[in-house]
Amino acid sequence: MIIQKTREEIELMRESALIVSKTLGMIASEIKEGVTTLYLDKLAEEFIRDHGATPSFLGLYDFPNSLCMSPNAQVVHGIPNNTPLKNGDVISVDCGAFKNGYHGDHAYSFEIGEVAPEVKKLLQVTKESLYVGIREFKAGNRVEDVGNAIQKYTEAHGYGVVRELVGHGVGKKMHEEPEMPNYGKRGRGKLFVEGMVVAIEPMINMGTRNIKQLKDGWTILTADGKPSAHFEHDVALIDGKPELLSTFQYIYKALGIESNEEDEFRKVPLIL
């Protein structure tokens, strides 16, 4: 069952989402060659708690940490560890925060130092596909309209779209209906309704779409060992149109990047 949110609930969710956004912005200032993912995880947990929230992922389904940190061929659900990041790495950082009874949940793939051009392109196309998908989250459309748009955009570049892992509704629970796959056929799936809030999150592989899981029971890898990219936003359906609750602007501020990519999905300009 899809749980529709009131405007008041959506504003509470926006607060949770922006705590995640600020956490990722803080991580953007700290993530560099030689730093360990376990160190970044501890920083994130402290930051989330300092902002009056609790880490959504810590203990969720017995996950041991506050961040999912998945470098290079890891797709998602990587467990933070003491291995230092290297120049040329890319890493998906997925974060959740729980405040006022609601979750925020989104992710960004970071570059460490000088990244190979073909890997840069993978990240760029994956992030672009996120917004291609968000544009389809509107009144009159259905779940697979979003997935179809993401699939077409990324497969046109020769990339593999992960099938086994999907986006999802989000609210009082981290994972609510509907599931939001990154592939599909237009016109299929549940109809979007006013007040829905979903996490849309393309997980795109440079090579094969096939994946495998490590024995730790969490870490998902590409089957061919090629890099993967992952970007995620929380989006509400308001007045029939998609509105972002999360933002990458804190990340961009930390990295010195200027971008207006989110402007079309905001009624009111974001004030950092």
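The values are calculated or read from the model by the stated rules, or taken from the named source; none is laboratory data. Just so it is clear, the model here is predicted, and its values are computed rather than measured. Quick reminder, even Gly has a Cβ in these numbers, built from the backbone with ideal geometry, and neighbours come from all protein chains shown. Just so you know, the surface numbers come from the protein's heavy atoms only, side chains and all, with ligands and any DNA or RNA stripped out. Shrake-Rupley method; radii C 1.70, N 1.55, O 1.52, S 1.80 Å.
Of the residues making up the stretch 206-227, not a single one is assigned to a strand (DSSP E or B) and crowded, with 24+ Cβ neighbours inside 10 Å.
Conditions (1) open to solvent by 30 Å² or more (accessible area, probe 1.4 Å); (2) of a type outside the set (D, E, K, R); (3) within 27 Å of Lys172 (Cα to Cα), marked per residue:
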site: Ile3; (1), (2), (3): yes, yes, yes
site: Glu9; (1), (2), (3): yes, no, yes
site: Glu15; (1), (2), (3): yes, no, yes
site: Ile19; (1), (2), (3): no, yes, yes
site: Met26; (1), (2), (3): yes, yes, yes
site: Val75; (1), (2), (3): no, yes, yes
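Scanning the stretch 135-162 for residues that are assigned to a loop (DSSP other than H, G, I, E, B) and crowded, with 16+ Cβ neighbours inside 10 Å, we see that the one that is nearest to the chain's Cα centre (by Cα) is Val162.
In the set Glu118, Glu114, only one residue is of a type in the set (D, E, K, R), open to solvent by 40 Å² or more (accessible area, probe 1.4 Å) and within 25 Å of Lys152 (Cα to Cα); that residue is Glu118. Residues of the stretch 69-96 that are in a strand (DSSP E or B), in contact with an Asp or Glu (Cβ under 8 Å, 6 or more places away or on another chain) and in contact (Cβ under 8 Å) with a residue 40 or more places away in the chain: Ser70, Val76, Pro84, Val90, Asp94, Cys95, Gly96.
Looking across the stretch 167-193, the residues that are touching an Asp or Glu at 6+ places or on another chain (Cβ under 7 Å) and under 19 Å from Leu245 (Cβ atoms) come down to Gly167, His168, Gly169, Val170, Met174. Looking at Glu33, Glu45, just one residue is open to solvent by 10 Å² or more (accessible area, probe 1.4 Å), more than 23 Å from Ile134 (Cβ to Cβ), among the charged types (D, E, K, R) and in contact (Cβ under 8 Å) with a residue 24 or more places away in the chain, and that residue is Glu33.
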